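Here the structure is laid out as structure tokens; the discussion comes afterwards.
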Amino acid sequence: MPERQYRNEKEEKQEKEEKSRDEKDEKDQDEKWKRDPLGRVIFGLIVIAVGVMFLLATQDIISWRDWWAYFLLALGGIFIFEVLVRSVMPAYRRPVFGKLIAGLVLVAIGASNIYGPVSWWPLIIIAVGVFFLFSGLFRVRK
């Protein structure tokens, strides 16, 4: 009988330790993401991009009709910049595949509206080349 009680106490202690460890891991991960200053930097870059687009439109450098295409191009570039920073700096690592796809799509939409679909298709070839370049440079070594 005492042996059974000892096992139950031992199992309860192990369960508490595992639960405590899991809670600590979740807390550490949450704190890491809350302390991440890169999110504020990216938001600041987006606000700057909006301001620059409006400035360029009011100066008649770009037309009011096309400012949103330039903004999409800039937003896609900012997303891709974030992916590159997060890939290079271990302190800011997060899953970024969705941001990469969103950045590429935004760049493609913005470029197609600015340059027209006939003249921007070489950008696809350039993007594929850049992808292979970075995938070769940042490949995970085993």
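Where a number appears in this text, it was derived from the coordinates with a stated rule and is not lab data. Predicted model, so just to flag it, every value in this text is computed and none were measured. FYI the Cβ positions are ideal-geometry reconstructions off the backbone, even for glycines, and counts take in every protein chain you see.
Looking at the range 105-127, which of its residues are within 24 Å of Trp64 (Cα to Cα) and either touching a Cys at 6+ places or on another chain (Cβ under 6 Å) or surrounded by 12 or more Cβ atoms within 10 Å (Cβ to Cβ) (or both)? Those that are within 24 Å of Trp64 (Cα to Cα) and either touching a Cys at 6+ places or on another chain (Cβ under 6 Å) or surrounded by 12 or more Cβ atoms within 10 Å (Cβ to Cβ) (or both): Val105, Leu106, Val107, Ala108, Ile109, Gly110, Ala111, Ser112, Asn113, Ile114, Tyr115, Trp120. Hey, can you tell me all the residues within the range 69-104 that are surrounded by 12 or more Cβ atoms within 10 Å (Cβ to Cβ) and farther than 17 Å from Ile42 by Cβ? Result: Ala69, Tyr70.
Right, Ala49: closer than 23 Å to Phe134 by Cβ and assigned to a helix (DSSP H, G or I) or not?
Numbers: closer than 23 Å to Phe134 by Cβ: yes; assigned to a helix (DSSP H, G or I): yes.
Taking the combined requirement at face value, the residue satisfies it.
Within the range 99-111, can one find any residue that is free of Cβ contacts under 8 Å to residues at least 24 places away in the same chain and not β-branched (Val, Ile, Thr)? Break it down stepwise before answering.
Start the filter on the range 99-111 by keeping residues that are free of Cβ contacts under 8 Å to residues at least 24 places away in the same chain, which leaves 99-101.
Among the residues that remain, those that are also not β-branched (Val, Ile, Thr) are: 99-100.
Yes, that holds for at least one residue.
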